[in-house]
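Some notes on the structure that comes next.
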Amino acid sequence: FIVAAVAPMLALGLSAAAFSQGAGASIERRQRSVQADSRTLTRQLGESIARSVRKDRVTILNRDVVPFFTEVLARDTVTAADRARARQIADSIRKLMVEQVDRTWLETLVESTGLDRTNRPGAAVDVVDDPRHLASEMTLSQRTAIRALIVAFMEIPSVTRDNVSIVIFPFDGVNHAVITAQIPPTDSAARARFAPFLAVMRAVFASLEVEFVQPELTLRFSYAHQ
């Protein structure tokens, strides 16, 4: 009687232990895989951001500084107009550098990934609405998930800064974010491609809500306020 009474509970306990061990091992493998992908993606995007910054500097030099110096050297003289022009160029470069220092990693990312296909300096403000720089309070895992999602948006040719919006704001001691994107209604493969990215975002952000009202994809989530 004792054996008959204990056997079902023992079987259930052993089954639960085996299932827990298998589930734990699967989660650990998934975490290692995500961490490896995150490190690779972070390195690749870091290189892309560095190239974008260098490109901005070279663009300023080629557009303003080099022609000005070439013109002055060709005349072999400096006039009052040249001095005024030099001050104007210096002010514009200083302003741009200050703006770049004030930008968050998210604004830099938007410009470096090519989401702004016009390549217009400062165009990230048309995509990112984060006046308090709350994007800087995301953890490394959260930043990586956002980077991966933006890269996925970039891979859709018809998606540009005109139909992507990222709004971050504080409320009740927590940072909230809303990401919207206009996805082509005929591109079902593109929508399916977002599934892995949304799974990662569910793991790193609290209370992720996903809404798709054709053709607009809306993500709402929150994260801790530092």
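Okay, here's what the table says:
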| item | result |
| --- | --- |
| Criterion: of a type in the set (Lys, Arg), surrounded by 13 or more Cβ atoms within 10 Å (Cβ to Cβ), at pLDDT 85 or above and over 17 Å from GLN214 (Cβ atoms) - qualifying residue of ARG143, ARG132 | ARG143 |
| Count of residues meeting criterion [at pLDDT 70 or above, among the β-branched types (Val, Ile, Thr) and surrounded by 10 or more Cβ atoms within 10 Å (Cβ to Cβ)] in the range 1-42 | 2 |
| All positions within the range 68-86 that are part of a loop (DSSP other than H, G, I, E, B) and modelled with pLDDT of 80 or more | THR77, VAL78, THR79 |
| Checklist (1) at pLDDT below 70; (2) part of a helix (DSSP H, G or I) applied to ASP116, failing item | (2) |
| Residue match in the range 174-181 (condition: modelled with pLDDT of 85 or more and surrounded by fewer than 15 Cβ atoms within 10 Å (Cβ to Cβ)) | yes |
| The range 147-167 - residue that is assigned to a loop (DSSP other than H, G, I, E, B) and aliphatic (A, V, I, L, M) and, of those, surrounded by the most Cβ atoms within 10 Å (Cβ to Cβ) | VAL159 |
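The values are calculated or read from the model by the stated rules, or taken from the named source; none is laboratory data. Being a predicted model, the structure only gives us computed values, none of them experimental. All Cβ positions, glycine included, derive from the backbone under ideal geometry; neighbour counts span all protein chains shown.
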